[in-house]
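Written below as structure tokens is the structure these notes are about.
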Amino acid sequence: MPRVGLSKTDVVAAGAALADDVGFANLALSPLAQRLGVRTPSLYKHIDGLADLQHGIATLAMGELDQCVRDAMHGRSGSAALAAFSNAFRHYVVEHPGRYAATVGATSTGPDDPLLQSSTRVIESIQVVLRGYGIPESEMVHAVRTLRSIFHGFASLQAANGFQWSPDAEDSFDWMIRFLDRGFSDAGSG
């Protein structure tokens, strides 16, 4: 019988917090059980194993990221939308590096999977930013991949303390946004 008050949602949330603390690659069921005050076999009453937990964390994280960027972008367009999206994305990755790592390469279980739905909305948010620059649909996939790669790289490096050689990561991020704004403005007008 599951512990009273413990649900799959609780297990996934605790797993996400653990992933943020120890890194997604170091996520294991035994430390999660300790964190929840249960024995490891008790977790199987709520999840089907580590893979199910990882998928749950990816789903949770992508939903959070989706909401975060959409809230930040609301009512903005052009360079303001680019800045809002990028700052929200980076903030999420830096604050939740373990759960964000769960989203990288995570695969959905089918068309009704909330992971796929949230992932699709994040990509749609990036497309909204790019359409504001007049990026043609024929180049949209390339532009989405470029923007996602740039934001992923910067945010992941910052989350891993990869900018130790210089104290001005914020200035560099702002410079990057201005650089992208100019580049996308040129690409959309050409």
Which of rounded, prolate or oblate describes segment 50-190 when judged by the alpha-carbon gyration tensor and an a/c cut-off of 1.5?
oblate
Enter the angle in degrees (range 0 to 90, nearest 10) between the Cα long axis of helix 114-131 and the first principal axis of the Cα atoms of the chain, meaning the one along which they spread out most.
10
Solvent-accessible area, 1.4 Å probe, carbon plus sulfur percent, for the chain
55
Residue-averaged 222 nm ellipticity for the chain, from DSSP H runs of 4+ at -39500 (n - 2.57), nearest 500
-23500 deg cm²/dmol
Mean-position separation - Cα centroids, segment 118-190 and segment 69-94, in angstrom
10
Ordered by residue, what ³J(HN,Hα) values in Hz, to whole numbers, does segment 132-145 give under the Karplus form 6.51 cos²θ - 1.76 cosθ + 1.60, where θ = phi - 60° and Gly and Pro are x?
x, 9, x, 5, x, 4, 5, 10, 4, 4, 5, 5, 4, 5
What list of ³J(HN,Hα) couplings, whole Hz, do you get for segment 155-160 from phi and the Karplus terms 6.51, -1.76, 1.60, once you set θ to phi - 60° and write x for glycine and proline?
5, 5, 5, 5, 5, 8
Could you do me a favour and compute the accessible area per residue for the chain, 1.4 Å probe, result in Å²?
53
Loop sites only, by DSSP: take the chymotrypsin sites (Phe, Trp or Tyr not before Pro) in the chain that have at most 16 other C-beta atoms within 10 Å and name the longest stretch containing none of them.
45-162
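The values are calculated or read from the model by the stated rules, or taken from the named source; none is laboratory data. All values derive from a computational prediction rather than experimental measurement. Heads up, the Cβs are rebuilt from the backbone with ideal geometry, glycines too, and the neighbour counts pull from every protein chain shown. Just the protein is used for accessible areas: all its heavy atoms, side chains included, with ligands, DNA and RNA removed. Shrake-Rupley method; radii C 1.70, N 1.55, O 1.52, S 1.80 Å.
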